[in-house]
Amino acid sequence: MRSMNTKVRLDNVESLTKFQKFCFGLLDTKSHDDFSLKVTSEQQSDIQFVAELQDTIMNSVEFSELTRDESFKTLAARLMNVSTEDIKIVFPHFRIDLPQSFSDDESKMSLPWHQEAGYYLAKGDCTPDSIVLSTYLHDCKKDNGAIFVGSEVEPNLAEHITRYMSPDQKRFYRVECPEPKMFEVIESEFGEVVAFDFKRPHRSGINTSSLVRLTFLLRATSKSELKTFKESA
């Protein structure tokens, strides 16, 4: 069983910096403050603005390039104690989360307590011992919505309640497990990655600031562990 809950700095932030610049440039901005101001202003007049911007970023060449950056694969290999060649990066994602003042959007986007395995094991390409690499495109303190992560080892998968936040449209699928007895808020600086295992309960932080939260997410699995896991299924 792999158990992990840590924060570590990337060896090379050049690609992350380039991606940050690309995202800000989409709105003709150069800073997190200005980007946030533009996003929140546009969202007030167009409720689809953030969703469409997020899709634009995830469908970009720049996003694809960052998902293949060797810095993340090297980091995952070191954390998982396997070779870089054994690492497979899966389920890349990018999130734009609005401040809490956008209550309807915030409730749809915020994730309750869950284990990553509760979402992704059924999709394949991962094992219960895969890990999450969560990286913000800015410094992220508690008031910015820094992630809540369980402190204690969870050896098993918990029972998850599943639901849609918009049941009529079958959108905003959520899985939820019980809140852990102990947890911590993991603040980070630009260039730091919050890493934890697939069995670790975690949830979205509450963003009480005026800034949007920008999160680049990767999952990493061991190819050899994945082969063994599939053969034993």
message: Which count do you get for residues in region 189-227 that are among the β-branched types (Val, Ile, Thr) and at pLDDT below 95?
response: 2
task: Being of a type in the set (Gly, Ala, Ser) and surrounded by fewer than 18 Cβ atoms within 10 Å (Cβ to Cβ) is the filter here, so list the residues in region 35-50 that pass it.
output: SER41, SER45
- line: Per the filter on region 22-31, residues surrounded by 13 or more Cβ atoms within 10 Å (Cβ to Cβ) and either of a type outside the set (A, V, I, L, M, F, W, C) or touching a Gly at 6+ places or on another chain (Cβ under 8 Å) (or both) are THR29
- line: Given (1) touching a helix residue (DSSP H, G or I) at 6+ places or on another chain (Cβ under 7 Å); (2) among the aliphatic types (A, V, I, L, M); (3) at pLDDT 95 or above, ILE186 misses just (1)
message: Within region 158-178, does at least one residue satisfy the condition of being part of a loop (DSSP other than H, G, I, E, B), modelled with pLDDT under 90 and surrounded by 12 or more Cβ atoms within 10 Å (Cβ to Cβ)?
response: yes
task: All but one of (1) aliphatic (A, V, I, L, M); (2) farther than 20 Å from CYS140 by Cα; (3) at pLDDT 95 or above hold for MET4, so report the exception by its number.
output: (3)
query: Can you pull out the helices (runs of 4 or more DSSP H) entirely within region 31-106 that have at least 3 residues that are in contact with a Phe, Trp or Tyr (Cβ under 9 Å, 6 or more places away or on another chain)?
result: 32-45, 49-58, 61-67
- line: The residue from SER134, SER130, SER151 that alone is of a type in the set (Ser, Thr, Tyr) and surrounded by fewer than 18 Cβ atoms within 10 Å (Cβ to Cβ) is SER151
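Conditions tested, residue by residue: (1) more than 15 Å from the chain's Cα centre (by Cα); (2) β-branched (Val, Ile, Thr).
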site	(1), (2)
PHE183	yes, no
GLU192	no, no
PHE196	no, no
ARG200	no, no
VAL212	no, yes
PHE216	no, no
ARG219	no, no
SER222	yes, no
LEU226	yes, no
- prompt: Which one of GLU159, GLU187 is more than 27 Å from LYS18 (Cα to Cα) and acidic (Asp, Glu)?
  reply: GLU159
- line: When (1) in contact with a Phe, Trp or Tyr (Cβ under 6 Å, 6 or more places away or on another chain); (2) not in a strand (DSSP E or B) are applied to LEU111, the one that fails is (1)
- prompt: When you go through MET58, MET80, MET1 one by one, which is the residue that is in contact (Cβ under 8 Å) with a residue 12 or more places away in the chain and within 17 Å of the chain's Cα centre (by Cα)?
  reply: MET58
statement: Among the residues of region 46-64, the number that are at pLDDT 95 or above and either farther than 20 Å from LEU27 by Cα or among the small types (Gly, Ala, Ser) (or both) is 2
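The values are calculated or read from the model by the stated rules, or taken from the named source; none is laboratory data. Since the model is a prediction, treat every value here as computed from it, not as a measurement. Note that we place each Cβ from the backbone using ideal geometry, even for glycine, and neighbour counts take in every protein chain shown.
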